[in-house]
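Visitor: Take a look at this one; I'll ask things after.
Just so it is clear, none of the values below were taken in a lab; they were calculated from the coordinates. This one's a predicted model, so the numbers in the text were calculated from it and none came from an experiment. Positions of Cβ are generated from backbone atoms using ideal geometry, with glycine treated the same way; all protein chains shown enter the neighbour counts.
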Amino acid sequence: MRCSLIELPIFETKHGAQDYQYGIVTILIVHSCAFAAAIVLLVDLLVDDQSGSSMLLNPKEEPMEEDSISHLAEGKDVHETVKHSDSAMDRMNMLSTEREDENRVSTVSSSEWQACNYAKGRWVADSRRPLYSGSGCKQWLSDMWACRLTQRTDFSYEGYRWQPTNCEMPEFQGAEFLRKMQDKTFAFIGDSLGRQQFQSLMCMVSGGEEMLEVEDVGEKYGLAIPEGATRPDGWAYRFPDTNTTILFYWSASLCDTEPINITDPATEFAMHLDRPPAFLRRFLPQFDVVVLNTGHHWNRGKLRANRWVMYANGKPVSDRRLITVGGAKNYTLYSIVRWLDSQIPLYPQLKVFLRTISPRHFANGEWNTGGSCDNISPLSKGSGVFKDESTDPVAEGAVRGTKVKILDITALSELRDEAHMSRYSIKASDGINDCLHWCLPGIPDTWNELIYAQL
Ligand SMILES: *[C@@H]1O[C@H](CO)[C@@H](O)[C@H](O)[C@H]1NC(C)=O
Ligand SMILES: *[C@@H]1O[C@H](CO)[C@@H](O)[C@H](O)[C@H]1NC(C)=O
Ligand SMILES: *[C@@H]1O[C@H](CO)[C@@H](O)[C@H](O)[C@H]1NC(C)=O
């Protein structure tokens, strides 16, 4: 029998860390291998390290993304297969979708804006934001990220859009997006912040309105829920009128990972720094737009919690450049970008974006030592980005000279410390602050608008 994954649906949840106790219980009942997994989990909790990764453990990958916080918000995986789950996909409300295009700014010629830098610009108040309601979009938006469903009472962070200094920014229109993506597939691959961007795009395209005709096509991409698991490795949805598919695949490191000893339930996982995830290698020919991200899983605590062992050239890493986590991450980004750059000529329709790191805003501590992000006043530290170079030099360096584009959101997102989940969640959770993930609607919507402008 396959002792595969068990994940803890639990953690994922909308309820955050509190559920973690009964998450363990859930696991015990869910799967025959659950017991082993639960033991592992407990051990991990006991032994934990400072990074907080311990709360979650996932051999293949830690569920959370980026920072420990994430496990609070997103849940944890215990074994290899399952990762995140989403619960509420039922009801829906809506918000009107149609917006006029009066915001169009066309001050530059089209040849100029092809080459313009979307990362330079400023946030401006816009009464036509947000693009969908955070009380709606229940078909795709996880409750845990819908700040409108929490005790938070100030939503001023929803009312801004990003205006690049030298680029044309068309107003996002769901129908127009689908028209441009007719018969095409849009793939997000990354961690929980990639998943946020995926949910954001689903809500933007639908305007937060229920679209019962949208089909779940996860099975076509091997994203069905594995037996005994509660969550898939990703999600894929097809809009039938335009035959447009939007999907998300969980790969927190953008490395291919595989168990070192497949018969050992407590096996470590080889994390192949120079090999793109198998999912990407397999499905790339079917993709038209790919948006990659990674970042917050690159620390010793996460590597240990996921039982990842770094490999290069099919062997455990011995190269001194790769011994540090930063060096390994850099090498991974260079490797995947080079591979994609070699593939793009084979698929002329393909556009690939590497998203730069999403900034965290913990002040006065880390996620697990009382850090918080309590400011609620938008743009209190300024509204503009003026420099030419990226605040994420590793991503910028990796794409330089290649056909992979940068989606440089780091500096513009840095200005938005008030737009994280902060201390709010569906259930009150004392002392737990998420200054990593963003409220939705919110900042990831802007990231998608920047891609839309470049389609
Ligand atoms: C939908 O688009 C895909 C390409 O993404 C194409 O292979 C397929 O034939 C299309 N299906 C229909 C029904 O047009
Ligand atoms: C793999 O794991 C199994 C079960 O723990 C163990 O019996 C076996 O010796 C391991 N194989 C290797 C090559 O370490
Ligand atoms: C990242 O890797 C590239 C290619 O190996 C190298 O040229 C660059 O110096 C590295 N940068 C850092 C910050 O390690």
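Visitor: What share of all Cα pairs of the range 116-273, in percent, falls into each consecutive 5 Å distance bin?
Guide: The distribution over the range 116-273 is 2, 8, 13, 17, 18, 15, 12, 8, 5, 2, 1, 0, given as percents.
Visitor: Still on this structure, please answer the following. Note the per residue figure in Å³ for the convex hull of the C-alpha positions in the range 258-329. It would help to have the intermediate numbers written out before the result.
Guide: Details: hull volume 8.1 nm³, N = 72.
Convex hull volume per residue, Cα atoms: 112 Å³.
Visitor: Hey, what did the range 194-261 get for relative contact order, percent, Cα under 8 Å, at least 6 apart? Mind dumping the intermediate values first?
Guide: Details: 63 pairs, mean separation 18.7, N = 68.
Relative contact order of the range 194-261: 27 percent.
Visitor: Mind checking the range 356-416 for GluC sites (Glu not before Pro) that DSSP puts in a loop (not H, G, I, E or B) and that have at most 12 other Cβ atoms within 10 Å? Could you put the intermediate results ahead of the total?
Guide: Working: sites: 366, 389, 396, 414; in loops: 366, 389.
Sparse-neighbourhood loop GluC sites (Glu not before Pro): 389.
Visitor: Taking the C-alpha atoms of the range 112-166, how large are the radius of gyration and the largest Cα-Cα span, Dmax, in Å?
Guide: In order Rg, Dmax, the Cα atoms of the range 112-166 give 14.8, 45 Å.
Visitor: Below 8 Å between Cα atoms, with a sequence gap of 6+, how large is the relative contact order for the range 110-452 in percent? Spell out each step's value before the answer.
Guide: Numbers: 652 pairs, mean separation 77.2, N = 343.
Worked out over the range 110-452, it gives 23 percent.
Visitor: Just report the Cα centroid separation between the range 281-320 and the range 207-231, whole Å.
Guide: 25
Visitor: Can you pull the one-decimal nm distance between simple spin-label points at residue 278 and residue 374, each 7 Å off the Cα toward Cβ?
Guide: 4.9
Visitor: From the residues 344, 174, 197, which one has its Cα farthest along the dipole of the range 110-452 in the positive direction, the dipole being from +1 and -1 charges on Cβ of Lys/Arg and Asp/Glu about the Cα centre?
Guide: Checking the options against the dipole of the range 110-452, the answer is 344.
Visitor: With label points built 7 Å along Cα→Cβ from the Cα atoms of residue 309 and residue 215, find their separation and express it in nm.
Guide: The two pseudo-label positions are separated by 4.3 nm.
Visitor: If you build the Cα gyration tensor of the range 110-452 and take the root of 5 times each eigenvalue, what three semi-axes come out, in whole angstrom, biggest first?
Guide: Details: eigenvalues 170, 119, 102 Å².
Square roots of five times the eigenvalues give 29, 24, 23 Å.
Visitor: While we're here: Which three extents, in angstrom, do the Cα atoms of the range 348-406 have along their principal axes, listed largest first?
Guide: 48, 28, 21
Visitor: A follow-up question, please. Past 18 Å, Cα to Cα: identify those pairs from 120/381; 315/403; 184/403; 180/351; 120/403; 220/405, in the order given. Intermediate results must be reported in sequence, preceding the final value.
Guide: Working: 120/381 16 Å; 315/403 29 Å; 184/403 20 Å; 180/351 13 Å; 120/403 21 Å; 220/405 27 Å.
Among 120/381; 315/403; 184/403; 180/351; 120/403; 220/405, the Cα-Cα distance tops 18 Å for 315/403; 184/403; 120/403; 220/405.
Visitor: Ratio of the range 384-442's C-alpha Rg to 2.2 N^0.38 Å, to two decimals?
Guide: Details: Rg = 15.6 Å, N = 59, 2.2 N^0.38 = 10.4 Å.
The reported ratio for this selection is 1.50.
Visitor: Next question, about the same structure. Name the long-range amide H neighbours of residue 160: under 5 Å, sequence gap of 5 or more, or other chain; modelled H, no Pro or chain starts.
Guide: 126
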